[in-house]
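What follows is a single structure, written as structure tokens, with notes after it.
Derivation of every value follows stated rules applied to the coordinates shown; laboratory data play no part. All values derive from a computational prediction rather than experimental measurement. Virtual Cβ from ideal backbone geometry, glycine too; neighbours counted across all protein chains shown.
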Ligand code: NAP
């Protein structure tokens, strides 16, 4: 169900409104949508796993059926290049397929069976079985910087639907036309697959009130959020203040520290600087995995690295940022950093006069100034970096120990470096969701082993990921069935194991039936 129309989308390249108008969903409309999602959860959660898998595939097909019109509208609303949007559509559809395969395979429900021991002395043991079951209707919020892959049909929606939850999606006001198109793909897939109407619904709005009302609705059982720290934290606090608090999986910003170790810096300072400059500027820096913070140790090679980084960044053309608000916030933060005595701006991308131009910028700080200036560790969403120069390994380790939670940390090093800095890697394991060796944090593979998460403040739920199949676990809870008659048990827990899934039976993994 789509509730539409009363605000407009803006073209970030002109700041002028685009065709079409969209209505802020009213409280009573929101209530009706959530009621429907609640009522239909009871039908959807009982669907066979193959029906859910086929539905996810059908959504993907309908998104492809929207053709280039979807990408063109999305390009107008976000200024993201067509090639990037084509890739993002592929990722979105691929993600739906990945969850379809995962659900069809079925073992993700983590069935555990402890068979009864009626003759156990001194007391008989009951038959105890456990599996993961869906939480209920969930609220999902998308981010502006991934208008397809972290939006209407993005990973949060796909994983919640795969888990058997119904979804009420809060459309991002930066791309409402794109959102309406993708929501129409859901409507068609729901009809084709015979799913209940409330399986998926989108509400739109351009005020914080709508999102707050959605999270506060008593029937909503969990929240998936991708976006800013301010937004995620506000919704997390709201969810915890409800009479019935609910889990909020908010994936928020991060500065993704990069550590470049001494020997590799000596071997390839120029190549490292080029790679770093490209990662800083990729997508006009509008990635939650952007390398906003880097550490090096002072040496002749560190000067060479800085010189190359400066040359590369100085040549970077500006790009259009996603919205006027994001463009202004980025420029304001750069101005604030320029006022600090503790840093020097060592590189600045090419100046541009067009609207919402995001110009790359690198600031350099000594490690002592960095320790004394907390704002240097904060995310400035855009193509900027704070490069910190330390004198000793101990200072690098101290900086690592002081890090808050991040989505990623990256270490560049030769094998010798990595051996000599094992203690750094040990510290980083406590600080981030993903550690990369000799790479760049931008770019997140969608796969089973991915973790796109991390300790607070990168997320509000450090035991989860928003990318990869493990994301499904956010929307389920374990339920235990004790001495249940076989005919009432879900398939996953029946002795016959009709779906032939892998289960943990009496302490050992098995895909066999139980005699
Ligand atoms: P955003 O401004 O926080 O918006 C996200 C959604 O939350 C929107 O629907 C917004 O709608 C709503 N919202 C924001 N504040 C709210 C509040 N106080 N109460 C209720 N609803 C609220 O984020 P964005 O601009 O789209 O994205 C940029 C940020 O996302 C960056 O910091 C980036 O690093 C981060 N990001 C993180 C990831 C990740 O996976 N960790 C991925 C992509 C982006 P309204 O404005 O209408 O309320």
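Please report 144, 228 as a ranked list, fewest other C-beta atoms within 10 angstrom at the top and most at the bottom.
On the way: 144 24, 228 19.
Ranked by crowding around the Cβ, least crowded first: 228, 144.
What angle, in degrees between 0 and 90 and rounded to the nearest 10, separates the Cα long axis of helix 300-314 from the longest principal axis of the Cα atoms of the chain?
80
Residue separation times 0.36 nm, minus the C-alpha to C-alpha distance between residue 42 and residue 69: what's the value? Can you show the working numbers first?
Details: separation 27, 0.36 × 27 = 9.72 nm, distance 3.53 nm.
In short, 6.2 nm is gained.
Could you state the angle between the C-alpha long axis of helix 82-105 and the longest principal axis of the C-alpha atoms of the chain, as a value from 0 to 90 degrees rounded to the nearest 10?
Its long axis makes an angle of about 30 degrees.
To the nearest 500 deg cm²/dmol, what mean residue ellipticity at 222 nm is calculated for the chain from DSSP H runs of n ≥ 4 alone, each contributing -39,500 (n - 2.57), summed and divided by the residues? Working shown, then result.
Numbers: 15 runs with 200 residues, N = 515.
Estimated from H runs of four or more residues: -12500 deg cm²/dmol.
Only bridges whose two residues both fall in region 258-437 count here: according to DSSP, what percent of them are antiparallel, nearest 5?
On the way: 7 of 28 bridges.
Roughly 25 percent of the beta bridges in region 258-437 run antiparallel, per DSSP.
Need the full-extension length gain, residue 391 to residue 419, defined as separation in residues times 0.36 nm minus the C-alpha distance. One decimal, nm. Kindly include the intermediate steps, with their values, before the conclusion.
Numbers: separation 28, 0.36 × 28 = 10.08 nm, distance 1.94 nm.
Working it through step by step, the gained length comes to 8.1 nm.
Arrange 412, 175 by Cβ neighbour counts within 10 Å, fewest through most, would you?
Details: 412 24, 175 27.
Lowest to highest Cβ neighbour count: 412, 175.
If only Cα atoms are counted, what is the Rg of the chain, and what is its Dmax, in Å?
Every Cα atom of the chain included, Rg and Dmax give 24.7, 83 Å.
Roughly what angle does helix 67-78 make with the longest principal axis of the chain, taking Cα atoms, 0 to 90 degrees, to the nearest 10?
Here the helix axis deviates by roughly 50 degrees.
Which whole-angstrom value gives the distance between the alpha carbon centres of region 427-457 and region 208-268?
If you average the Cα positions of each part, the centres end up 15 Å apart.
Which order do 346, 43 fall in if you start with the one that has the fewest other Cβ atoms within 10 Å?
Going from least to most buried by this count: 43, 346.
Translational diffusion coefficient of region 258-437 at 25 °C, 0.890 mPa s, Stokes-Einstein with Kirkwood Rh over Cα pairs, in µm²/s as a whole number. Walk me through the numbers before you get to the answer.
On the way: Rh = 16.4 Å.
D, rounded to a whole number, is 150 µm²/s.
Tally the DSSP beta bridges in the chain and give the antiparallel ones as a percent, rounded to 5. Each step should come with its number before you reach the end.
On the way: 25 of 65 bridges.
Taking every DSSP beta bridge within the chain, about 40 percent pair in antiparallel fashion.
Could you please state, rounded to a whole Å, how far the C-alpha centre of region 94-149 is from the C-alpha centre of region 9-77?
Cα centres, region 94-149 to region 9-77: 26 Å.
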